[in-house]
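This report concerns only the one structure given below.
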There are 4 protein chains.
Amino acid sequence: MKSNNVAIVGASGYSGEELVRLLLNHPHAELAAVTSRQNAGLSLGQVFPKFANHPRSKALFFTEPRTEILARQAEVVFLALPHGVAAEYAAPLLRAGSRVIDLSADFRLKNEAVYKDFYGHDHPAPDLLDKAVYGLPEMRRAEIKKAALVASPGCYPTSILLPVLPLLVAGLIKPSGIIADSLSGISGAGRKAELDYLFVECNESARPYGIPKHRHLSEIEQELTAAAGTQVTIQFTPHLIPVNRGILTTLYLSPGAPFTDAAGAVAFSEELAACYAKAYGNEPFVRLLEGSALPDTKNVAGTNVIEIAWRLDPRTGRLIVMSAEDNLVKGAGGQAVQSMNILCGFPETAGLI
Amino acid sequence: MKSNNVAIVGASGYSGEELVRLLLNHPHAELAAVTSRQNAGLSLGQVFPKFANHPRSKALFFTEPRTEILARQAEVVFLALPHGVAAEYAAPLLRAGSRVIDLSADFRLKNEAVYKDFYGHDHPAPDLLDKAVYGLPEMRRAEIKKAALVASPGCYPTSILLPVLPLLVAGLIKPSGIIADSLSGISGAGRKAELDYLFVECNESARPYGIPKHRHLSEIEQELTAAAGTQVTIQFTPHLIPVNRGILTTLYLSPGAPFTDAAGAVAFSEELAACYAKAYGNEPFVRLLEGSALPDTKNVAGTNVIEIAWRLDPRTGRLIVMSAEDNLVKGAGGQAVQSMNILCGFPETAGLI
Amino acid sequence: MKSNNVAIVGASGYSGEELVRLLLNHPHAELAAVTSRQNAGLSLGQVFPKFANHPRSKALFFTEPRTEILARQAEVVFLALPHGVAAEYAAPLLRAGSRVIDLSADFRLKNEAVYKDFYGHDHPAPDLLDKAVYGLPEMRRAEIKKAALVASPGCYPTSILLPVLPLLVAGLIKPSGIIADSLSGISGAGRKAELDYLFVECNESARPYGIPKHRHLSEIEQELTAAAGTQVTIQFTPHLIPVNRGILTTLYLSPGAPFTDAAGAVAFSEELAACYAKAYGNEPFVRLLEGSALPDTKNVAGTNVIEIAWRLDPRTGRLIVMSAEDNLVKGAGGQAVQSMNILCGFPETAGLI
Amino acid sequence: MKSNNVAIVGASGYSGEELVRLLLNHPHAELAAVTSRQNAGLSLGQVFPKFANHPRSKALFFTEPRTEILARQAEVVFLALPHGVAAEYAAPLLRAGSRVIDLSADFRLKNEAVYKDFYGHDHPAPDLLDKAVYGLPEMRRAEIKKAALVASPGCYPTSILLPVLPLLVAGLIKPSGIIADSLSGISGAGRKAELDYLFVECNESARPYGIPKHRHLSEIEQELTAAAGTQVTIQFTPHLIPVNRGILTTLYLSPGAPFTDAAGAVAFSEELAACYAKAYGNEPFVRLLEGSALPDTKNVAGTNVIEIAWRLDPRTGRLIVMSAEDNLVKGAGGQAVQSMNILCGFPETAGLI
């Protein structure tokens, strides 16, 4: 199978570093360029000692992010940049013929008014919004295959959308009253020199933040609304917990048709199992837990897998769905590589299993 | 002020150890005896090196838990024993004239059928259930003062009841649809040699457990129901996260009267603030957070304080209340000492601030 | 017993915060002022939510560090400032009649040339060097009692000097070839917004740093040399490990007179035990471990205690001595309060046990 | 290139689990069998959810460890068993024609008297000691290639031998007075349900253990002695620190010929660099750090790389060498796979980079 050259713009944050890790070992992608303003001129191994022993490491030097050069070097360019910055790079890269996979939030929303509402400023490249495909492979494989611009989903959204979408589409849950309670590892805050993310401030700490209107709500609700065919507004509470990687999401959902007795619960449970099996039974990166197993971030750390389990509570009539993923892999770099595999015609699991 | 002699039965678990720490430095209580079957014969300092420099340490030896001896040694006896075991000790100690503060779940429920439903066996001393006072000082100060037997609340229940009860009593929230999502440090699982609680299994891990019917639900619902005057059934999801101490609870509540616009939200917010100020404004161990502050377990670790904050979400019409406590202090040993202070007529903050 | 007013200059770093914790609950010291340039105007509880429930908290506001005002407010002023900054404050405070306990390295060295060699700049107040007492209470109690200016020892030096000094003075070890290998919690790096101390960079990491010439060597060698009566030069390797608090030091020492057989080892072991018992048998904050016990930072965290244990290795003829302390308590704030207790004539353990 | 079938006996401990991870993704090895007494009958994915999505997972069931069956299933059998148990399996497997890679200490020593001295019982299969090759690939590549029985080195020995051996062979350091001070992650203690390794007992803890005569000393000294041509006895102090994976070793060494001035230090430093470059310049799994870089366990976690750095201390005349490795990879499973690659004629980095 042929290989493609790929490049990463902004390879010095945690998502960028994870992309480097995945792409260095990818059987069909050749990491041709990495950029970083602050590290320009340094070799990959100098910035990330952990990669210094890789055969490609010494020959790979960080450069300034120059789109005209990148477009010549790589058929696919990953943007691992802060919100608002990625948009500047996407347009010239697309014009120059590169395909772009953006890990920021810049192209995830279809509606620029919603963008402004949640991100606080005008969208920097609104004409591209229509062209971007929301890169959740399990849901939009065919669109990703043809896309020039993939907006790779956020870490929290992935942990919420994959468990909820099939149930919503099948009408097994009500579109109203959804609550998502999420726990994230500290890498989710990015590699930023701020007091709040110092070891001593995070270790032995658990704390909510960004409530009640976290930015990721905009893309979550956009996708849920599209799936439900009716406006969906959810409750979302993120928390920081002292792990490097991982998101654990607990979802509180109302069954579409209430179950009224034990037999009803059993029947509903079977419908849920069938729905998930149909949606994900053949998905390589979704693990539907059986028996007494419940999601645990340590079982997905470093992998592109999302774990999903569910329980019915006969006391309250509610459905509890839980998911676990690695925020830097399925929630960022791994999912982006999965999109690249689809887009380039590689096996979808290449470099990811 | 006079002092009392106190004893701890089962002083080798995490709650018992925390009681030792608090009572060794208490200005009015004299720790007269500590018991532990497996450590009988060893000095306090041998079992817990951290206490070895305390003046009392070398003279204090672990003994077998013999009720007749304990009753002679101590006016107040703390039981820090597993569920089902504490009940055996309570009756003889009470007969012998000791006052008993039990940290297990044995005397927290009023209804022995509920006990059997949640704990899986008949209650070992049902005749004592009526005599026990549920020892949540902020709610039952007067009853605790006169009690012979105090059932000190569980760690999760404390983190849920203190934020919810005033709102429920005031009618500010609906009694239905309450969801409590809690994160607990690993000490909550007790000092048990089980694979699930090994460092490597807990570090870099976040996981739900015990759903949907955790045992603590029984006492939470009993107290909420009593306060609401109507049956309250809640949703409760506990999670384990890699910290030693701390519980962070996020509560999803429905306002009693929905707020329909921004002005309504402001008015409701003021009602909430007034309600909490009335309930806890003078409570030494409740910290109502102001401004942008949110609860953080690191700010309560090692203290008897519970932090509470709340937010209204105008998008969903829901009220989010969050609390943080140290599961071993306000959730166990500290709260028990607070009850002792009340019961013995000491200043309520003695030894706790 | 009378009380003194005390003040803390630079109360927003980790050592300053620990001083606040200890002094708020001190039976004889009244915390009269806290200063911090960046927090001036905010109340203690706003900056440190963990102290917000303390009765003194709401009335205590951070101010600019103005020496003339501080000298009126407090008989004893603690300086918890970076190296080189503390010296500016000491002189005017001393002139105004305050007694000063400095937690920085500014007054620990007697020789300004050594200061320049290790700290890279001229000493800012060389005339004060002679007046300062190196505040290791177990060694210099009488001098501290009379001192106007106490230079409280560094965290690493305390963990090395207390185990080594008695052996050196007694001639039980050779003054040459001493190796100190230390592990420190991340709080030792201070509350600084630098990438190296982010949670993700420290968690799941162990790393040496600052070798081979860490600044603390200067004071360690000054004190060892004074005790030995001959120049002592040691090897010192600090490491960072992912705990909030704690220093664990392992010392490799050569017996003064080599033991040549098992009987010799037993005899030497008894000499060691006698030497330590004489030096520290009555010290409230030194715990000499017996039997199979070895130091563990978790047993000293939050306390002013240093644990010491030793082992002879008959295979190599070497003596291994190990110590554990809390770098923020015995290694910083606690030791400073211990000095204050001595200096003010309070019981030495007041507020510390 | 052809593939081989491989099996793992004792695949449920941490080393065994790591072997599973590496072998599932190995390009030339087919994991044909996994055994575990306690898990017999369960699928790989049931025991280790993290592997459940691997294509091989559902078809791979844990079995009882029956040597005759294993020998038919696999050309290479890995033993990941406790000390003393591995020896029982090696003999029948070898007789049946399998090649054996043992991760325990059973075949690392040449001298059964030394085994008895350090392990406390007679060696269970002394006739095999001569046949086993000490599987440190960087040192014994040719022997491993021909070996029927490979004794894969311990985690601590690897972290000490790789940095020290080249210097010793080249005469750059004295064979006497070597000190190795090591920090290990908690997985080094194995997956054992013991109180000492509970999360709460290890988190926020740093502690030495097993001094002064840790069992690994026997193999370290055997290999150092063989390299030096004279008896080498070293000082070794292991410590436990709260990370899952990783060993950080700091070595204190005496230069063979003392350097007496700055010029001598520069010259010696160049000799050291040349020695390491010659020994490891082409080794894929040794990273010689340059410039100001120092080893950090987070940079080797999950990889088969060992990092090495060195510093001369002109103040003491000593050489400090530091290494970092993942105790479960280069210190266990990864190194064993590296030996398998050599033994089977696969590229040495296959499945490891």
Assuming 0.692 mPa s and 37 °C, estimate D for region A:1-76 with Stokes-Einstein, Rh taken as the Kirkwood radius over Cα pairs, in µm²/s. 269
Of all DSSP beta bridges having both residues in region D:173-282, the percent classed as antiparallel (nearest 5) is 60
Which GluC sites (Glu not before Pro) in region A:210-282 sit in a loop by DSSP (not H, G, I, E or B) and have at most 11 other Cβ atoms within 10 Å of their own Cβ? none
GluC sites (Glu not before Pro) within region D:1-51, DSSP loop, no more than 13 other Cβ atoms inside 10 Å: none
Using the 7 Å Cα-to-Cβ label point, sort the distances from C:Val85 to its equivalents in the other copies shortest first and give them in nm to one decimal. 2.9, 5.2, 5.6
Mean projected area (nm²) from the convex hull of Cα positions in the protein assembly as shown is 51.4
Signed unit charges on C-beta, dipole axis of region D:124-182, positive-most listed residue D:Val133, D:Ser176, D:Ser159: D:Val133
Within region C:279-353, which GluC sites (Glu not before Pro) sit in a loop by DSSP and count at most 15 neighbouring Cβ atoms inside 10 Å? C:Glu290
Tell me, what is the per residue accessible area of region A:275-341 in Å², probe radius 1.4 Å? 26
Shape category assigned to region C:82-217 from the gyration tensor of Cα positions, a/c cut at 1.5: oblate
If contacts are Cα pairs under 8 angstrom and at least 6 residues apart, what is the relative contact order of chain D in percent? 18
Please grab the % of Cα pairs in region A:91-154 that end up more than 18 Å from each other. 33
Put a point 7 Å out from Cα along the line to Cβ at A:Arg215; what are the distances to that point in the other copies, in nm, shortest first? 3.7, 4.5, 5.3
Mind grabbing the interface size between C and A? I mean buried accessible area, both sides, 1.4 Å probe, in Å² to the nearest hundred. 1700
Antiparallel versus total DSSP beta bridges in the protein assembly as shown: what percent is that, nearest 5? 45
For the residue pair D:Arg66 and C:Ala267, what label-to-label distance in nm results when each label sits 7 Å from Cα along the Cα-to-beta-carbon direction? 6.4
For region B:185-210, which residues drop by 40 square angstrom or more in accessible area between the chain on its own and all protein chains together (1.4 Å probe)? B:Arg191, B:Ala193, B:Leu195, B:Leu198, B:Phe199, B:Val200, B:Glu201, B:Asn203, B:Glu204, B:Ala206, B:Pro208
Summing -39500 (n - 2.57) over every DSSP H run of at least 4 in the protein assembly as shown, dividing by its residue total and rounding to the nearest 500, the 222 nm mean residue ellipticity is -9500 deg cm²/dmol
For region B:159-273, list log₁₀ I(q)/I(0) at each q in 0.20, 0.21 Å⁻¹, using the Debye formula over Cα point scatterers of equal strength and ignoring solvent, two decimals each. -1.04, -1.10
To the nearest 0.05, how large is the calculated FRET efficiency for C:Ala40 and C:Ile353 if R₀ is 25 Å and r is the Cβ-Cβ distance? 0.15
FRET efficiency, 1/(1 + (r/R0)^6) with R0 51 Å, evaluated for D:Leu195 and B:Lys116 via beta carbons: 0.95
If the viscosity is 1.002 mPa s and the temperature 20 °C, what translational diffusion coefficient in µm²/s does Stokes-Einstein give for region A:34-87 when Rh comes from Kirkwood over Cα pairs? 177
0 to 90° range, to nearest 10: angle between helix D:14-24 axis and chain D longest Cα axis: 70
Computed over region C:125-191, Kirkwood Rh from alpha-carbon pairs, angstrom: 14.1
For region A:183-223, how big is Rg over Rh, using alpha carbon atoms and the Kirkwood form of Rh? 1.04
If you stretched the chain out fully between A:Asn282 and A:Glu30, how much longer would it get, using 0.36 nm times the residue separation minus the C-alpha to C-alpha distance? 87.9 nm
Please check: in the Gaussian network model of chain C (C-alpha springs, under 10 Å), which one of C:Gly334, C:Gly210, C:Gly13 has the largest mean-square fluctuation. C:Gly210
Region D:185-336: Cα Rg divided by the 2.2 N^0.38 Å rule of thumb: 1.16
How big is the Rg/Rh ratio for region D:1-130, C-alpha atoms only, Rh by Kirkwood, two decimals? 1.00
Ignoring ligands, DNA and RNA, what percent of the 1.4 Å accessible area of chain B is carbon and sulfur? 52
Let me know the charge dipole size of region A:121-244 about its Cα centre in debye, to the nearest 20, where only the beta-carbon of Lys, Arg (+1) and Asp, Glu (-1) is charged. 320
Here the equivalent ellipsoid of region C:218-303, derived from its Cα gyration tensor, has semi-axes (largest first, whole Å) of 25, 20, 15
Region B:10-77, dipole about Cα centre (Lys/Arg Cβ +1, Asp/Glu Cβ -1), debye to the nearest 20: 180
Rg to Rh ratio, region D:257-299, alpha-carbon atoms and Kirkwood radius? 1.06
Put a dot 7 Å past each Cα toward the Cβ at B:Glu88 and A:Lys131; how far apart are the dots in nm? 7.6
D for region D:271-353, whole µm²/s, Stokes-Einstein with Kirkwood Rh over alpha-carbon pairs at 10 °C and 1.306 mPa s: what number? 115
State the three equivalent ellipsoid semi-axes of region A:157-211, derived from the C-alpha gyration tensor as the square roots of 5 times its eigenvalues, in descending order and whole Å. 33, 11, 8
If you average 1/r over every pair of different alpha-carbon atoms in chain A and take one over that average, what Kirkwood value in Å do you get? 20.8
In region B:46-88, which residues become less accessible by 50 Å² or more once every protein chain is in place, relative to the chain on its own, using a 1.4 Å probe? B:Pro49, B:Lys50, B:Asn53
Accessible area per residue in Å² at 1.4 Å probe, computed on region B:161-224: 27
From the cross-link list C:Lys50/D:Lys298; D:Lys145/D:Lys174; C:Lys213/D:Lys278; A:Lys298/B:Lys192; A:Lys174/D:Lys50; A:Lys146/A:Lys330, the entries with a Cα-Cα span beyond 24 Å are C:Lys50/D:Lys298; D:Lys145/D:Lys174; C:Lys213/D:Lys278; A:Lys174/D:Lys50
Label-point gap, in nm, between B:Arg141 and D:Ala257 - each point 7 angstrom along Cα→Cβ: 8.3
Counting only other residues whose beta carbon sits under 12 Å from that of A:Thr158, what net charge do I get with K and R as +1, D and E as -1? -3
If you count the DSSP beta bridges with both ends in chain A, what percent of them are antiparallel, to the nearest 5? 45
How far apart are the B:Pro258 label points across copies, placing each 7 Å from Cα toward Cβ, in nm, shortest first? 1.7, 8.7, 8.8
For region D:26-126, what does the relative contact order come out to in percent, with C-alpha contacts under 8 Å and a separation of six or more? 21
Please report, in debye to the nearest 20, how large the charge dipole of chain C is about its Cα centre when each Lys and Arg carries +1 at its beta carbon and each Asp and Glu carries -1 there. 640
Would you kindly derive the ³J(HN,Hα) couplings of region B:236-242 from the backbone phi angles with the Karplus curve 6.51 cos²θ - 1.76 cosθ + 1.60 (θ = phi - 60°), listing them in order in whole Hz, with x for Gly and Pro? 9, 10, x, 10, 9, 10, x
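The values are calculated or read from the model by the stated rules, or taken from the named source; none is laboratory data. Keep in mind that what you see is a predicted model, and the values were worked out from it rather than measured. Heads up, the Cβs are rebuilt from the backbone with ideal geometry, glycines too, and the neighbour counts pull from every protein chain shown. Note: areas computed on protein heavy atoms with side chains; ligands, DNA, RNA excluded. Shrake-Rupley method; radii C 1.70, N 1.55, O 1.52, S 1.80 Å.
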